[in-house]
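S.K.: Pasting in a structure now, in structure tokens, and then I'll have a few things to ask.
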């Protein structure tokens with residue numbers, strides 16, 4: 001039986017978001033399981049991301065910022081922590097707390113309060129049950145999209161292709177002057193690309209164009225919150 005440790009707790013996230021790194025640092029040896037090799041790819045990446053965030057924040061805190069910048073950064077950081085908690089806690093509830101969904105493949109993505117479910121379940125009942133679990137964890141977010149399809153899980157080859165598509169799109173976003181890559185989350189499922197973010201119309205149009213022209217993409221679905229800039 002795999003010895004999987006608990007994900008970062010709400011207390012860890014709250015301490016992290018308020019700048020209290022001592023509590024989280026002290027828990028690092030306990031947060032990472034000795035059997036780290038037993039983690040699936042997605043869980044391993046999430047743990048590494050969490051630790052990197054701690055280290056990066058520690059360095060960023062030494063940089064002087066204006067009051068407006070501090071408030072903006074705090075809001076972005078809190079949103080990121082909330083999003084990561086929703087994704088991590090949901091996947092734990094689906095795949096570690098029960099065996100009812102062992103024959104499914106579902107990913108939970110959260111960005112700025114928007115929650116997206118993608119993947120496959122063999123039955124409609126499983127699809128509905130997973131939605132109920134995630135809605136409860138996310139506290140019924142105003143923007144919730146269930147894009148789970150009723151079918152057998154995709155193959156490892158398909159998932160590898162999806163991951164490569166996501167990487168190619170993200171790389172192009174970083175290179176594009178019109179795009180702030182931190183404001184758009186890219187999710188690829190069975191060749192369909194989902195773009196979630198807070199964008200201007202110009203940024204959104206460029207992002208959609210890049211995604212559509214990326215090799216391997218079959219369809220692009222956007223879940224954007226639009227920023228309207230008025231001229232004064």
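The values are calculated or read from the model by the stated rules, or taken from the named source; none is laboratory data. None of the values given here were measured: they were computed from a predicted structure. Please note: Cβ atoms are built from the backbone with ideal geometry, for glycine as well, and neighbour counts cover all protein chains shown.
S.K.: Just need a number here: residues in the range 202-219 that are closer than 23 Å to residue 144 by Cβ and surrounded by 19 or more Cβ atoms within 10 Å (Cβ to Cβ).
M.R.: Count: 3.
S.K.: I've got another one for you. In the range 96-131, what count of residues is obtained for those that are closer than 25 Å to residue 181 by Cβ and touching a helix residue (DSSP H, G or I) at 6+ places or on another chain (Cβ under 6 Å)?
M.R.: Residues in the range 96-131 being closer than 25 Å to residue 181 by Cβ and touching a helix residue (DSSP H, G or I) at 6+ places or on another chain (Cβ under 6 Å): 4 in total.
S.K.: Follow-up. Here are 139, 103: which of them is surrounded by fewer than 16 Cβ atoms within 10 Å (Cβ to Cβ) and more than 17 Å from the chain's Cα centre (by Cα)?
M.R.: After applying the criteria, what remains is 103.
S.K.: In the range 101-117, which residues are touching a residue at least 60 places away in the same chain (Cβ under 8 Å) and under 12 Å from residue 153 (Cβ atoms)?
M.R.: Across the range 101-117, the qualifying residue is only 107.
S.K.: Residue 114 - would you say it is more than 20 Å from residue 187 (Cβ to Cβ) and modelled with pLDDT of 95 or more?
M.R.: no
S.K.: Quick one: which residue in 124, 171 is surrounded by fewer than 15 Cβ atoms within 10 Å (Cβ to Cβ) and free of Cβ contacts under 8 Å to residues at least 24 places away in the same chain?
M.R.: Criteria check complete, one pass: 171.
S.K.: Hey, can you tell me all the residues within the range 137-157 that are in contact (Cβ under 8 Å) with a residue 60 or more places away in the chain and either within 13 Å of residue 189 (Cα to Cα) or not in a strand (DSSP E or B) (or both)?
M.R.: Passing the criteria: only 147.
S.K.: While we're here: Could you give me the residue pairs with C-beta distances under 7 Å whose first residue belongs to the range 209-225 and is touching a residue at least 40 places away in the same chain (Cβ under 8 Å) and at positive phi, whose second residue is surrounded by 15 or more Cβ atoms within 10 Å (Cβ to Cβ) and not in a strand (DSSP E or B) wherever it lies, and which are 6+ apart or on separate chains?
M.R.: 216/161; 216/165
S.K.: Here's something else I'd like to know. Of these, 199, 134, 186, which one is assigned to a helix (DSSP H, G or I), at pLDDT 95 or above and either buried (at least 18 other Cβ atoms within 10 Å of the Cβ) or touching a helix residue (DSSP H, G or I) at 6+ places or on another chain (Cβ under 6 Å) (or both)?
M.R.: Criteria check complete, one pass: 134.
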